[in-house]
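Rule-based calculations on the coordinates, nothing more; no lab input. Remember, predicted model here, so these are calculated numbers, not experimental data. Cβ atoms come from the backbone with ideal geometry, glycine included; neighbour counts cover every protein chain shown.
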Amino acid sequence: MSDLVQLTKDGEIAVITINNPPVNALSPGVPEGIKESVEASIQDDAVKGIVIIGGGRTFIAGADIKEFGKMTSGKKDRGVGFNPILKIVENCPKPIVAAIHGTAFGGGLETAMACHYRVAVPSALVGQPEVKLGIIPGAGGTQRLPRLAGVAVAAEMCAVGNPVPAPQAHEAGIVDKIIDGDLLEGAVAFARELVAAGKPPRKTCDQTDKISDQAANQKALAAVRDKVAKRARGLMAPGKAIDAVEAATKLPFEEGVAREQELFKECLHSDQSKAMIHVFFGERAVAKVPGIAKDHPKIEIKRAAVVGGGTMGGGITMNYANAGIPVLFKEISDEALEKGLSIIKKNYAATVSKGRLTQEQMDQRMALIEPTTSYDKFKEADIVVEAVFEEMALKKKVFAELEKVTRPDAILASNTSTLNIDEIASATSKPDYVIGHHFFSPANVMRVVEIVRGKQSSDTVIATSMAIAKKINKVGILVGNCRGFVGNRMFHCYQREAQFLLEEGARVEQVDKVLYDYGMAMGPLAVGDLAGLDVGWRIRKEYKHLEPEGIRQPLVVDQICEMGRFGQKTGAGWYKYEAGSRAPIPDPEVQKLIEETAAKAGIERREISDQEILERTLYALVNEGATILAEGIALRAVDIDMLYILGYGFPAQRGGPMWYADTVGLKNVYERVCEFEKQHGSLWAPSPLLKELAESGKTFADYDASKA
Ligand code: T1G
């Protein structure tokens, strides 16, 4: 028996335990160990029943995603190859019970469904999250799940990929019994009852009553197709998952499994899947900070405080309350405080109305928020997040105050989106405790936080910041201190090119459509209208003196702001908006302004291709990203990718700007950047790192690997 799978016996019940920490993935040796253990149990006449259970914190959490690279690189195109092993499990002449705790995901749930029965503790989760990796279940999940739970539940689970709590899975027919108390004891007792009752093995593949109503099946499939068409724009796997579930309603089991395998391989070999697997590991890679060990001492955050009760401060406060951390919520007046609290209450109430939060949970979270207009209780705070108006003098004043009213070991974090964190720290005598926690709006929704390290931010404060980000269900990405840090510094280049393209001949709606069709959540101009054009306008005015001379600047956006057109908030920006609607309407007045401005500037307008729009905007991101990498402001290319996917609506199925550039080929990107430099000047000077990687035939992924 491989040491990944142990076979023991509890009387006449064989117990097969998988021990492949941390998540009992079906890594090489695990499926084989399960097969050997089942075969040995079949041979052993003393064994009358079998339990399969996960050691450690979970049942099997799925195939080993790290193995997929080998499958797609042709080293071993075996697909996932679990089906023959699961067939042995299902054909076992003795009843097999899967005992589930933690997460039975992907191949884990598929293994459990090949067993004859399933029991689970109430806290367990089951699911087929493969679509989140750009693939579909590849070991019979789309064939067995509809037979256990019906087509509607199966199609939803396979096409959307969300986890299902064990009690719901029990109601749906996926789990046969919820075990309160010790899982192994409960599972062995359940198996013993089956044996005592002389119950034969119940093969999932033979169950057809839940897939026999073809009319209901078609209706259910159509409903899920409609749902994913809206939610999963541009993604291939969800539709394929539904096709596989549909095959279960039309084909005999074995043919359905074969059809699933075809669809699985189509997805596995797609660029989308490779990108989404990059994102899966990327979300975990960014938590690793070179030079700071995972177990580096951290400050325990038992109580937080937020200064500034605007939209951002309210959202940040909610993040701490959502994580069960009591949080002081400070404003300068009762009126401002009440306004801030009403934003929080409205946000929670909206979630309750959507059924994603109970009223009781909302009340519990509101109870964790202590509104105040004084610093009296700030001595209790382990961390303070400042979220006041984006103006340096004000932030420095607040940080000077905070140092006086908090403990010396309290972390002082600023939510600034672009201002110099070292300058803010200079307002205190404890710069080692000052750091940036740049949340993205809406702060209670967006999952990314830029952790901006100052020159003197200590390793303990950095390690604590990364840990607290995870605690409040965010992905913390450590970045260096420069204007705009990583995200906004790159976004400035992206926005700049979008606006230059307007002056040169593209239409507002054309630029946005190109990026929307590429997969961005919104086009760059619509984003400006959403965020508010006045935000950038104010910063440009504040920093005008820093702008290098002779560099081309966008000519139209400030004129739009001077007209009082700040975007959705004023009913007009790049687009116009009907009262109460957020639907952007192209505005001939803006088009006229663009054309007049271009004429005055002597810009000869021309037809601009969609391809040029895509390359000018995306390669602006890539070129600046390469410079940021070379400066060490971003640790790795994958950090930039994750920041863009989680913070700027970059499509996960494209992997992020740097991953996308790798798929285009850095040589191709570099050549286009050089052409743009010839046409548009030094703003397009290729980053030396981009040049170096392109000329050496390397990728940004190679760059990251060299830094690992
Ligand atoms: N394969 C390989 N490594 C995995 C893994 C997996 N399936 N799941 C987690 N890890 C690593 C992860 O990278 C991290 O590594 C460590 O384990 C802890 O993970 C045939 C083909 C289970 C909910 O998609 O959702 O089955 O960073 O930090 O927060 O049809 O991991 O420590 O080096 O996430 O407690 C389907 C993916 C696969 C589940 C636990 N299964 N995993 O969360 O820990 S495809 C999945 C998760 C499949 C079949 C198909 C989560 C978790 P490191 P973690 P966590």
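Tabulated data for the structure shown
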| quantity | calculated |
| --- | --- |
| Signed unit charges on C-beta, dipole axis of segment 487-707, positive-most listed residue LEU683, ALA531, ILE608 | ALA531 |
| Size of electric dipole in segment 186-269: Cβ of Lys, Arg +1 and of Asp, Glu -1, about Cα centre, debye, nearest 20 | 380 |
| Net lengthening on full extension, LYS471/GLN591 (0.36 nm per residue, minus Cα-Cα) | 38.5 nm |
| Calculated FRET efficiency for the pair SER353/LEU394, C-beta based, R₀ 25 Å, to 0.05 | 0.10 |
| Segment 564-639: GluC sites (Glu not before Pro) in DSSP loop, at most 15 other beta carbons within 10 Å | GLU578, GLU604, GLU607 |
| Pairwise FRET efficiency - THR208 versus ASP271, Cβ, R0 = 45 Å, nearest 0.05 | 0.75 |
| Segment 330-425: mean projected area of Cα convex hull, nm² | 7.2 |
| Pairwise label distance in nanometres, GLN611 with LYS667, each label 7 Å out on the Cα-Cβ vector | 1.8 |
| Equivalent ellipsoid dimensions for the chain as semi-axes, Å, which come from the Cα gyration tensor, largest first | 49, 31, 25 |
| Kyte-Doolittle at least -1.0, axis length at least 30 Å by Cα - qualifying DSSP helices, the chain | 610-631 |
| Peptide ranges 445-455, 641-651, 195-205 listed from the most packed, as the mean C-beta count within 10 angstrom indicates | 641-651, 445-455, 195-205 |
| For VAL479, residues with placed amide H under 5 Å, excluding near neighbours | ILE451, VAL452, ARG453 |
| Under 5 Å, built H, 5+ apart or other chain: amide partners of VAL286 | none |
| Fraction of the pair-distance distribution of segment 5-269 above 34 Å, Cα-Cα pairs, percent | 12 |
| Overall form of segment 157-225 per C-alpha gyration tensor (a/c, 1.5; a/b vs b/c) | oblate |
| LYS707 paired with GLU401, simple spin-label distance in nm, labels 7 Å along Cα-to-beta-carbon | 3.8 |
| Prolate/oblate/rounded label for segment 573-686 (Cα gyration tensor, a/c 1.5) | oblate |
| Rounded, prolate or oblate (a/c below 1.5 giving rounded, otherwise prolate when a/b exceeds b/c) for segment 176-297 by Cα gyration tensor | oblate |
| Against the rule of thumb 2.2 N^0.38 Å, how large the Cα Rg of segment 408-447 comes out | 1.28 |
| Spatially proximal aspartates and glutamates relative to LYS35 (Cα-Cα < 12 Å; intrachain offsets below 8 disregarded) | GLU90 |
| 23 Å Cα-Cα threshold exceeded, pairs from LYS294/LYS707; LYS9/LYS210; LYS294/LYS471; LYS294/LYS691 | LYS9/LYS210; LYS294/LYS691 |
| Amide H within-cut-off set for VAL5, under 5 Å, with H built and near neighbours excluded | ASN19 |
| Where labels lie 7 Å past Cα in the beta-carbon direction, separation of ILE332 and ASN19 in nm | 6.2 |
| FRET E, pair LYS541, ARG225, Förster distance 45 Å, beta-carbon r, rounded to 0.05 | 0.35 |
| DSSP-assigned coil residues among GluC sites (Glu not before Pro) in segment 229-292, each with at most 14 further Cβ atoms within 10 Å | none |
| Contour excess over end-to-end distance, with Cα ends at LYS600 and ASP558 and 0.36 nm allotted per residue | 13.6 nm |
